[in-house]
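Please read the structure below before turning to the comments.
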Amino acid sequence: MKYFSLNDKSHKVSFQQAVVAGLAPDRGLYFPESITPLPDSFFENIENLSHEEIAFEAIKQFVGDEIPETELKRIVAETLCFDFPCVPVEDNVFSLELFHGPTMAFKDVGGRFMSRCLGYFNRDKDIKNTVLVATSGDTGGAVASGFLGVKGVEVIILYPSGKVSDIQERQLTTLGQNIKALEVDGVFDDCQDMVKKAFLDDGLKHKNLTSANSINIARWLPQMFYIFFAYQQLKKHNKPIILSCPSGNFGNICAGIMAKRLGLPITHFVASTNSNDTVPRFLEKGNYDPKPSVATISNAMDVGNPSNFIRIQELYHNDLNEFEKDFSSYSYTDAQTEAAIKDIYNRTKYVAEPHGAVGYLGLKKEMAKQPGSIGVFLETAHPIKFLDVVEPLLNIKLPIPKQIESVLGKEKVRTKIKTYEDLKQFLN
Ligand SMILES: *Cc1c(COP(=O)(O)O)cnc(C)c1O
């Protein structure tokens, strides 16, 4: 499989090159040259397949012959070391819980898959790769955990000072070994801009920089896996399925759309956002007009210029009429999100965290337009990661899961930086 740059379709590279580089030299995101639907028999038989078998079939064509089948099967198995239950919340509404992994966020899947691909590509080389990641919340922890101890890879995480939760900060500053954290005096977009700039800086060529944000295809594509798992669990209802993704950089929802292009019968996608509403405004007005990000209680989605939206535009040929057929996007304020967390809990006793609650709101809006369908929203993180919001709102005390307990007592180790020059100095 070849990948082309979305800035220049004649620039093509292999899977390995795209994974190792992250971003094309012209700053374009990589995109697969072709998408071949899986056979009908696969979907007819999906309830009899294991997670590993499903994931292997979904990812195989995107890796091609660059990783041998047995190795790819091992990578997939190690990636999927936890559960992805679709939990009924109310009539016809399900929560796809993506938080049962090591850092309790869906990004564990992409983080684990990518680190193992890179580990495979570096298997008998002395080159050192530096993974540079900007995080608005969960990416950092998941990437750090996914890469911890991977040979020949150093991970450097940039996060906006004061804009991630205490638990999130601990998850990315307490691991040690090959993982280093930088606390940036700025917002997420500043972190992301610094990372993008570093990739293009000739003065950093010797560091073999790569990204582990969802711009990297090995972080992005495995996110298809659990959309298949959701279908596997919901198929028996025999109704059209609406899927709502709480969206920040739009990598998760873009992977969902890819799954549909592989033939997965999802009827409609909803990209639910917080007040960072660049995409809902685009669908309404037709022009893409990114704004600086604003801080919200669903901080992993505080993204003013979602990096994966360009891939979604590619999938829909940037044609609003095509979008209209199966894609909507709605935005919600913090007040609406808080009211939803309370409402869901009071009626059903289900504890949603802010991202999931935004997903729930978008789902309900679309379901009202499409009677007879069932809906699933992605619960992208465990509520414990947002306990500052959830506990006072619901007046409850959440039990601390073992994955979180292990980081609570550890000391945060990070370096504070302000400018791109600070980052460069740190890297050199
Ligand atoms: C990263 C993240 C999101 C947003 O996912 P995208 O793929 O960037 O749209 C939503 N919720 C949580 C908890 C996250 O960590």
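Every number in this text was worked out from the coordinates using simple rules, so none of it is lab data. Keep in mind that this is a model prediction, so the values were computed, not measured. Here Cβ is always computed from backbone atoms with ideal geometry, including for glycine, and neighbour counts include all displayed protein chains.
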Checklist entry - Where a Cα-Cα gap under 18 Å defines reach, which lysines qualify for K73, not counting those fewer than 8 residues away within the same chain? => result K60
Checklist outcome for this item: Percent of all Cα-Cα pairs per 10 Å bin for the stretch 1-47, counting from 0 up to the last occupied bin, reads 28, 37, 17, 17, 1
Checklist outcome for this item: Of the candidates F62, I242, Y120, the farthest towards the positive dipole end of the chain (Lys/Arg Cβ +1, Asp/Glu Cβ -1, centred on the Cα centre) is Y120
Item to check | Semi-axes of the equivalent ellipsoid for the stretch 1-135, Cα gyration tensor, largest first, Å | outcome: 28, 19, 17
Next on the checklist: Rounded to the nearest 20 debye, what is the charge dipole size of the chain about its Cα centre when +1 sits on each Lys and Arg Cβ and -1 on each Asp and Glu Cβ?
Outcome noted: 460
Next on the checklist: Please enumerate, by chain and number, the lysines with C-alpha under 20 Å from the C-alpha of K325, excluding those fewer than 8 residues away in the same chain.
Outcome noted: K239, K260, K285, K364, K365, K369
Next on the checklist: For the chain, what does the helix formula give at 222 nm: sum of -39500 (n - 2.57) over DSSP H segments with n ≥ 4, over the residue count, nearest 500 deg cm²/dmol?
Outcome noted: -12500 deg cm²/dmol
Next on the checklist: Among the listed pairs K349/K410; K180/K207; K197/K385, which have their C-alpha atoms separated by more than 22 angstrom in this model?
Outcome noted: K349/K410; K197/K385
Checklist entry - Given that compact globular proteins tend to follow 2.2 N^0.38 Å, what is the ratio of the alpha-carbon Rg of the chain to that value? => result 0.91
Checklist entry - To one decimal place, what Kirkwood hydrodynamic radius in Å is obtained for the stretch 172-262 from all pairs of distinct Cα atoms? => result 16.2
